[in-house]
Every structure is written in structure tokens, then in C-alpha cells.
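S.K.: The structure follows.
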Amino acid sequence: MSQPPPWDDQDQPPDQGQPSPWPSGNQPAWPTPGQSPPPPPSWPEGGADQPPPPSWPPAGQPPYPGPGYAYGCLVFRIKALAGSPQNEDANNDAVVIGGNGQTYAAAFDGIAGHKNFDHGAIHVTQGETVTGSVTVQVPNGVTVSHVKWTALSGFGSTAEWIVHG
């Protein structure tokens, strides 16, 4: 007669001295039929009782660039010579090119003392002039070498300025 395998030994604890496959060391209690399952654990521990994190930046304070970055402000004065610009968005049209060759698009944040267009949208009638700004965020230490404006959100004519300084 053969002997039962060691894991079938009723006199031994079921773990046979091996670590539990469950992180807590205890097998979870499974719900009985008709009983609702227990709520999922919160992460991190006790997180359900913690208030949500505050919004950033705090209400009433200006936005700040991300760590390791600085804001720059491009100010444009646009005059409608023939007709009125249609579907032009300064936040999509303007970019800066850094001395590192990388392109940096609008950051969509305001800078004190400068007014963006109407959330980027340019509204000006023929013969009139409008002034607005576009905020860009560049890494600290990167200089701006060019400012580039491409109409129609990058699909139209392009103007480029070289920045000295």
C-alpha cells in the first residue's frame, strides 16, 4: 500500500511551513451565496477617510510652471488688413523654438499683466488691431532662438522671427 503524499497529511497544517500565497498571510473570507462581497480595500491604507487633494494652483493664485521650467510670454499685435481672420487661434498658431532645437507650444496659462486673446481665438475686424499674448513653458536654462507663427493652427502660411539676446 502506498503512502499518501505529504500535502494530504491531515495531521500537518495546510501550509506545510510554506509562506502564505496571500499578501496579508490570511486567505480572504469569501462571501456566502446571497451575501454581498466586502468593500474593496482602500489605497493607501485609510484613504477613504482622507479628504481629496486640493486643486493646484490654489484658488485665487496664478498658475506656476512645472518644476524645472519657466514661463515666457509672447505678445502679438494683429491687424486685419483684408477681411477678418477666421478660425485663428493664437495658442495653436504660435510656438517657440529653443536653443536646443526643441519646439515649445502654448502652455494655456495666463501671465500677470498680459491678456491672452479670447482663450486663443483672435477676433478682429478689417482695419482693426488686437493685441494678445501666448504663454509658453520652457525648461530652465533653455533660451528661445525663434518664434514661429503658422496660421490656421499649423496648416497655413508661416512667419518666423529670430530672437537675439
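The numbers here are math on the coordinates, done by the rules we state, and not lab data. Because the structure is a prediction, the values reported are computed rather than measured. We place every Cβ from the backbone using ideal geometry, glycine too, and count neighbours over all the protein chains shown.
S.K.: Looking at (1) aliphatic (A, V, I, L, M); (2) touching a Leu at 6+ places or on another chain (Cβ under 7 Å); (3) free of Cβ contacts under 8 Å to residues at least 40 places away in the same chain, can you tell me which one A105 breaks?
M.R.: Only one criterion in (1) aliphatic (A, V, I, L, M); (2) touching a Leu at 6+ places or on another chain (Cβ under 7 Å); (3) free of Cβ contacts under 8 Å to residues at least 40 places away in the same chain is unmet by A105, namely (2).
S.K.: Just one of T150, T158 is free of Cβ contacts under 8 Å to residues at least 12 places away in the same chain and among the β-branched types (V, I, T); which is it?
M.R.: Numbers: T150 fails: free of Cβ contacts under 8 Å to residues at least 12 places away in the same chain.
Among T150, T158, only T158 is free of Cβ contacts under 8 Å to residues at least 12 places away in the same chain and among the β-branched types (V, I, T).
S.K.: Right, another one. Report yes if some residue within the stretch 90-102 is closer than 19 Å to G154 by Cβ, aliphatic (A, V, I, L, M), in contact with a His (Cβ under 6 Å, 6 or more places away or on another chain) and assigned to a strand (DSSP E or B); otherwise report no.
M.R.: Just the residues of the stretch 90-102 that are closer than 19 Å to G154 by Cβ, to begin with: 90-98, 101-102.
Cutting the leftovers down to aliphatic (A, V, I, L, M) gives us 90, 94-97.
Subsequent filtering for residues that are in contact with a His (Cβ under 6 Å, 6 or more places away or on another chain) retains 97.
Still in the running and assigned to a strand (DSSP E or B): 97.
Yes, the stretch 90-102 contains at least one residue that is closer than 19 Å to G154 by Cβ, aliphatic (A, V, I, L, M), in contact with a His (Cβ under 6 Å, 6 or more places away or on another chain) and assigned to a strand (DSSP E or B).
S.K.: Go through the stretch 108-140 and report how many residues are loosely packed, with under 13 Cβ neighbours inside 10 Å and either of a type in the set (D, E) or free of Cβ contacts under 8 Å to residues at least 24 places away in the same chain (or both).
M.R.: Matching residues across the stretch 108-140 total 4.
S.K.: Would you say H123 is outside any strand (DSSP E or B) and either touching a Pro at 6+ places or on another chain (Cβ under 9 Å) or under 25 Å from P65 (Cα atoms) (or both)? Working first, answer last.
M.R.: Details: outside any strand (DSSP E or B): yes; either touching a Pro at 6+ places or on another chain (Cβ under 9 Å) or under 25 Å from P65 (Cα atoms) (or both): yes.
It is true that H123 is outside any strand (DSSP E or B) and either touching a Pro at 6+ places or on another chain (Cβ under 9 Å) or under 25 Å from P65 (Cα atoms) (or both).
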